[in-house]
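Any read-out appearing in this document is the output of simple, stated calculations on the displayed coordinates, not a laboratory observation. Small disclaimer: the values here were computed from a predicted structure and weren't measured. Cβ: placed from backbone, ideal geometry, glycine included. Neighbour counts: every protein chain shown.
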Amino acid sequence: MAVDLAHYLLLSAVLFGIGVMGVLTRKNLIIILMCVELMLNAVNLSFIALARHAADQEAQVVVFFVLCVAAAEVAVGLAILISVWRKRGTMNIDALSALRG
Amino acid sequence: MDSGDFMGVLPELIVVVTALLAILADVASKGRNPSAAQGVTVLGLAVAAAVALISPSEQTMLMAGQLFNDGFSAWFRALFAVAGLATAIFSPLYLTHRKIRLGEYYSLLAMCVFGMMVMSAAANLLLFFVGLETMSIALYVLVSFRRDDAASVEGGLKYLVLGAFSSAFLLYGMALIYGGIGSLDYVAIGEALRQSDGIGPMTVTGIGLLLVGFAFKVSAVPFHFWSPDVYEGAPTTITAFMSTGAKAAAFVGLIRVFGVALILTSEHWTTALSVMAALTMTVGNFVALRQTSVKRMLAYSSIAHAGYLLVGIVAGTPQAFAAAGFYLIGYALMNLGAFGVLMLINQRGKGDYSFESLRGMGTVYPVLGLMMSVFMFSLIGIPPTAGFFGKLYVFSAAIEQGHLWLVIIGLLNSAVAAYYYLKVVSTMFMAKPEGDVAISQPFAYKAVLAISSLLIIVIGLFPDQLVTAMLRAVP
């Protein structure tokens with residue numbers, strides 16, 4: 001069976017869905033950040049598959065930008081996570097309850 | 001890149017150079033004196049705003065069609081620079097009382113302004129995304145800038161997780177639109193839609209995901225839950241900046257993407273957007289009613305204002321977009337001013353932004369009280385203020401397009417909102433002041449407040465000039 005565009009898009013949709021479920025249900029902040037990365041990379045897969053299908057470079061370039069953005073986001077995210085750890089001593093999202101109302 | 005391109009992106013270049021110089025100024029003062037970085041930022045952003053306004057406003061494209069150089073981007077680039085400028089002037093008072101002496105704060109602020117400028121001028125979904133992330137990543141740091149404060153760090157983390165989460169939706173929408181239409185370029189997307197006679201399921205899904213992503217960014221109900229926490233946790237200077245600049249940048253993107261590029265697909269999203277607008281106005285206002293902290297009340301009120309602005313996007317005509325542009329400019333002035341007065345009164349670090357903290361301050365400082373009243377009347381929408389005409393133009397554009405029920409909901413909401421805004425004014429004037437009421441009032445700080453309250457009145461007295469300028473500027 002040949003692997004064609006539809007398979008790539010389906011895989012990408014499934015990975016994106018797993019990422020969304022992870023962000024919504026997991027409690028550990030590190031896992032949540034990993035799930036956000038999974039979502040971004042699922043989109044990258046879509047972009048590459050679509051660009052390959054259309055024989056167009058434009059969308060392949062997008063992937064480079066997304067990778068850079070994701071790296072910057074993780075760098076800032078981990079720094080903030082360390083501040084949370086120092087302040088609270090936990091990585092559990094339920095502990096973040098100073099702001100309510 | 002020819003000289004025309006260079007002149008077109010001059011405001012952006014000035015802001016980037018400002019951000020770098022602010023870091024250098026901080027290094028030169030060995031990190032002990034952030035006022036050098038502040039001075040550089042204030043000066044750079046003032047120049048950038050002036051250059052943005054005098055740059056030619058006939059519609060052209062820059063950088064091989066990557067950026068719009070039209071009146072809309074000129075006005076909003078100036079607005080972002082001014083919002084950054086006002087924030088930079090408000091900041092030292094707030095930061096020194098909380099023992100934050102870090103010059104990179106100002107550099108990050110300028111980077112945010114740069115990201116907003118790119119968002120408002122982008123003619124390509126990828127470039128919009130890059131601008132958005134430049135702004136957002138700098139804002140994540142700024143929101144959690146008070147590392148010793150649990151609320152600030154928590155606000156920053158929530159903003160980061162939900163910001164990245166919503167960016168992924170936005171990006172997935174872009175991928176599917178690219179798959180369905182074959183381009184990321186706004187003009188090419190509009191052209192392709194004009195020539196096709198209907199769109200496939202992939203494009204429809206893409207538009208839906210893009211709408212969810214944008215709804216997160218403009219904090220529209222039901223995707224608003226992050227914003228009160230982030231606005232409350234962030235340093236108040238940054239809350240003022242986010243609720244005006246970041247919100248306006250997201251709205252300009254929304255106008256360019258949904259109002260221009262995807263307008264021919266409006267049958268697929270107008271209903272969803274109008275339900276969102278009605279919910280956003282109502283939830284924002286009713287939750288704002290029962291807040292005890294003025295800072296959090298202003299956060300919810302900014303959700304409600306996003307609802308009024310969404311009514312303009314739903315209407316979908318150039319008149320409506322001009323009205324939304326007018327509204328955004330007026331809203332930036334009044335919200336920055338309101339936060340400015342609030343910070344001035346709560347400057348001593350022990351201030352908790354409760355309504356009690358404002359008790360009687362209007363009688364002790366009548367000028368301050370008067371300016372706060374102007375900001376509050378404008379937020380309610382009482383003539384002759386900018387806020388009144390912003391609402392008037394947005395709602396009349398919506399009535400022309402037959403969205404009468406949305407306008408009725410909007411008007412009822414404005415009446416509800418009057419209660420909590422007037423509560424601020426009455427607390428300032430009717431109650432007796434308590435305890436130590438001495439506050440310092442730096443000259444530049446008061447000048448920014450005075451200029452914004454005067455501008456609100458001037459725009460309210462002569463709204464025609466601004467609205468014709470906006471009508472000429474709409475994309």
Debye log10 I(q)/I(0) for the range B:91-199, one point scatterer per Cα, at q = 0.14, 0.15, 0.16, 0.18 Å⁻¹: -0.68, -0.74, -0.80, -0.92
With the charge dipole of the range B:269-475 built from beta-carbon charges (+1 for Lys and Arg, -1 for Asp and Glu) about the Cα centre, the Cα from B:Ser378, B:Val287, B:Thr468 projecting farthest to the positive end belongs to B:Val287
Which is farthest toward the positive dipole end of the range A:5-92 among A:Thr90, A:Ala42, A:Ala70, measuring Cα position about the Cα centre, with Cβ charges +1 (Lys, Arg) and -1 (Asp, Glu)? A:Thr90
What is the Cα convex hull volume of the protein assembly as shown when expressed per residue in Å³? 143 Å³
May I ask you to compute the full-extension gain from A:Val14 to A:Ala71, defined as 0.36 nm times their residue separation minus their alpha-carbon distance, rounded to one decimal in nm? 18.3 nm
What does the charge count around B:Ala332 come to, taking other residues whose C-beta lies under 14 Å from its C-beta (Lys +1, Arg +1, Asp -1, Glu -1)? +2
Taking a ≥ b ≥ c as the square roots of the eigenvalues of the Cα gyration tensor, with a/c under 1.5 meaning rounded and otherwise prolate when a/b exceeds b/c and oblate if not, the range B:72-115 is oblate
If a/c stays under 1.5 just call it rounded; otherwise compare a/b with b/c (prolate if a/b is bigger, oblate if not). Do that for the range B:355-475, with a ≥ b ≥ c from the square roots of the Cα gyration tensor eigenvalues. oblate
What whole number of Å gives the distance from the Cα centroid of the range B:224-301 to the Cα centroid of the range B:154-202? 19 Å
Non-local residues with an amide H under 5 Å from the amide H of B:Ile382, with H modelled 1.01 Å from N and Pro and chain starts lacking one, are B:Phe388
Compute the normalised compactness of the range B:23-139: alpha-carbon radius of gyration over 2.2 N^0.38 Å, N being the residue count. 1.15
Rounded to whole Å and sorted largest first, list the principal axis extents of the Cα atoms in chain B. 70, 54, 42
Here Rg/Rh (Cα, Kirkwood) for the range B:269-475 equals 1.00
Could you tell me how far the Cα centroid of the range B:42-82 sits from the Cα centroid of the range B:312-378, in Å? 25 Å
Once you place label points 7 Å from the Cα toward the Cβ at B:Ala450 and A:Arg52, how far apart are they in nm? 6.6 nm
Overall form of chain A per C-alpha gyration tensor (a/c, 1.5; a/b vs b/c): prolate
For the range A:79-96, take each phi angle, set θ = phi - 60°, evaluate the Karplus expression 6.51 cos²θ - 1.76 cosθ + 1.60, and give the result in whole Hz per residue in order, putting x for glycine and proline. 4, 5, 4, 5, 4, 4, 4, 5, 6, 10, x, 8, 10, 7, 5, 5, 6, 7
Which of the lysines could a cross-linker span from B:Lys158 if the Cα-Cα distance has to be under 23 Å and same-chain partners fewer than 8 positions apart are dropped? A:Lys27, A:Lys87, B:Lys217, B:Lys247, B:Lys295
What whole-number value in cubic angstrom gives the convex hull volume per residue for the C-alpha atoms of the range B:316-402? 104 Å³
On C-alpha positions alone, give me the angle between the axis of helix B:10-28 and the longest principal axis of chain B, in degrees, nearest 10. 40 degrees
